[in-house]
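Before any comments, here is the structure.
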Amino acid sequence: MTHPTRSSSFPPRHRWKVLAAGVAANAAFSVAFSGIPMTAVLMRTGYQLDNATLGLVLGLMGLGIAVSELPWGLLTDRWGDRPVLLCGLGSTALALVAMALWAAPDAQHIPGLGWLGGGLLLVGLLGGSVNGASGRAVMTWFDAGERGLAMSIRQTAVPLGGGVGALALPFVALHFGFAALYGLLAVLCALSAAMSWAWVHEPPVAPRTKADAAQALAVPKTGPLRDARVWRIVAGIGILCAPQFAVLSFGTVFLHDFAHAGLATITATMVFVQIGAMAMRVWSGRWTDRRRNRPAYLRACSALSVLLFAGLALLAMAAGTHVAGSPMLRIALVVLLGVSGVCVSAWHGVAYTELATLAGAARAGTALGMANTSVFLVCFVTPFSIPHLLALQGWPLVWLAASACALVAMPLLVPRPSAATVADQKVAKTALSRST
């Protein structure tokens with residue numbers, strides 16, 4: 001296989017080092033973003049917060065990410081992947097060091113709310129740099145026939161980091177304190193910055209093939225911010241994340257309060273969701289690269305999510321208050337929640353590849369920044385909305401709303417085939433024929 005976008009100074013296998021650095025960057029920040037909320041009970045005690053204040057400070061990090069994603073994406077397209085990753089990861093590490101020094105509680109001193117909330121907001125603002133920059137690196141280093149797989153592998157960093165954070169951070173906070181927790185996160189960001197410094201480079205553009213030229217002509221010249229098709233997919237990505245965040249944020253509450261599942265069952269179910277999401281993301285990326293059918297795959301994931309969450313709503317409605325006396329019903333609820341969580345988490349890499357292809361590799365940072373802004377706004381809103389839905393009609397309404405979100409996202413994620421997508425498919429077909 002040929003790789004027309006890479007310089008001859010790098011061997012073909014170097015692209016996998018670039019991908020590894022991108023995965024490390026996303027995983028390091030995901031440990032912080034997903035892991036710190038796992039210490040919520042300890043944080044509430046250590047900082048002496050009530051539940052409302054705790055929810056506010058935890059939400060500030062997601063808000064910081066949502067606000068900063070688009071500016072970081074624009075800077076990535078202007079400066080390149082390497083400077084943004086180094087600047088973002090390095091400054092995030094410094095912010096976490098500052099929190100370890102001045103925003104960690106101990107026996108003699110409890111920091112003010114401003115130190116904790118401001119620190120988490122700053123970590124979100126700076127850490128938002130990793131998403132668009134690492135995604136653009138994939139687009140510039142991988143050919144069209146491998147981008148779906150590479151982007152999907154990159155997306156596994158989010159559940160991977162979340163799993164590591166869930167396992168490690170509560171233990172560190174409990175036994176060593178929050179200063180050690182913030183210090184550990186700073187070390188992870190610094191190590192990933194070192195990997196980016198060593199491996200991430202902007203590949204010089206080599207002479208284009210006819211297929212490359214056709215794809216470049218198909219990309220709109222106005223940029224992603226003025227492209228309605230890009231905004232459609234961005235909106236679809238954000239809306240389809242709502243049922244995913246519903247499972248991740250309140251799935252344990254549903255299993256405990258409604259399905260009356262034990263701790264071991266709850267843990268096993270959520271681990272299954274994370275591992276299943278990782279496996280499906282890698283498989284779907286490779287499968288859609290070979291089949292060149294990303295729109296069809298996104299349509300199938302959305303439709304299946306509609307059916308699964310509607311089924312979960314109906315099962316919860318039928319169960320009523322009789323779950324405790326029916327072991328088979330409890331098992332059915334656990335299994336259906338786990339399968340629904342995997343299905344609604346499997347499509348990320350494919351959707352991000354389709355979005356970046358539509359925007360063009362040179363503007364992928366902006367497009368991915370737009371998508372992540374949408375995602376983290378939904379991440380901020382979803383946990384606040386679920387308690388209100390529960391108060392209205394209980395869990396059936398929650399899962400019915402999740403099904404409705406997947407239904408609304410389907411036509412947004414799968415618009416009519418664009419010229420850029422058709423050109424990308426031609427490039428993939430050419431690359432595949434050359435490899436064989």
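Tabulated values for the structure
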read-out: Filtered residue count, region 253-275, keeping only those that are surrounded by fewer than 16 Cβ atoms within 10 Å (Cβ to Cβ) and in a helix (DSSP H, G or I); value: 9
read-out: Whichever residue in region 186-234 is of a type in the set (Ser, Thr, Tyr) and not in a helix (DSSP H, G or I) and, among such residues, is modelled with the lowest pLDDT; value: Thr209
read-out: Only listed residue being part of a helix (DSSP H, G or I), open to solvent by 10 Å² or more (accessible area, probe 1.4 Å) and touching a helix residue (DSSP H, G or I) at 6+ places or on another chain (Cβ under 6 Å), chosen from Leu120, Leu126, Leu96; value: Leu126
read-out: Residue identified as open to solvent by 20 Å² or more (accessible area, probe 1.4 Å) and at pLDDT 90 or above among Pro383, Pro327, Pro396; value: Pro396
read-out: Residue list for region 264-312, filter: modelled with pLDDT under 95, closer than 15 Å to Ile331 by Cα and touching a Leu at 6+ places or on another chain (Cβ under 9 Å); value: Thr265, Ile266, Thr269, Met270
read-out: Members of region 135-177 found to be among the aromatic types (Phe, Trp, Tyr) and open to solvent by less than 10 Å² (accessible area, probe 1.4 Å), listed by number; value: Trp141, Phe142
read-out: Any hit, region 49-70, residues being farther than 25 Å from Tyr352 by Cβ and acidic (Asp, Glu); value: yes
read-out: Residues of region 69-85 satisfying the condition of being open to solvent by 10 Å² or more (accessible area, probe 1.4 Å) and either of a type outside the set (A, V, I, L, M, F, W, C) or out of contact with any Ser or Thr (no Cβ under 6 Å at 6 or more places or on another chain) (or both); value: Pro71, Leu75, Asp77, Arg78, Trp79, Arg82, Pro83
read-out: Cβ pairs under 6 Å, 6+ apart, first in region 57-74 and touching a residue at least 40 places away in the same chain (Cβ under 8 Å) and on the phi > 0 side of the Ramachandran plot, second of a type in the set (S, T, N, Q) and open to solvent by 10 Å² or more (accessible area, probe 1.4 Å); value: none
read-out: Residue within region 282-302 that is of a type outside the set (Val, Ile, Thr) and under 22 Å from Met38 (Cβ atoms) present; value: no
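The values are calculated or read from the model by the stated rules, or taken from the named source; none is laboratory data. Given the structure is predicted, the values throughout are model-derived calculations rather than measurements. FYI the Cβ positions are ideal-geometry reconstructions off the backbone, even for glycines, and counts take in every protein chain you see. Areas reflect the complete protein model, heavy atoms only, side chains present, ligands, DNA and RNA absent. Shrake-Rupley method; radii C 1.70, N 1.55, O 1.52, S 1.80 Å.
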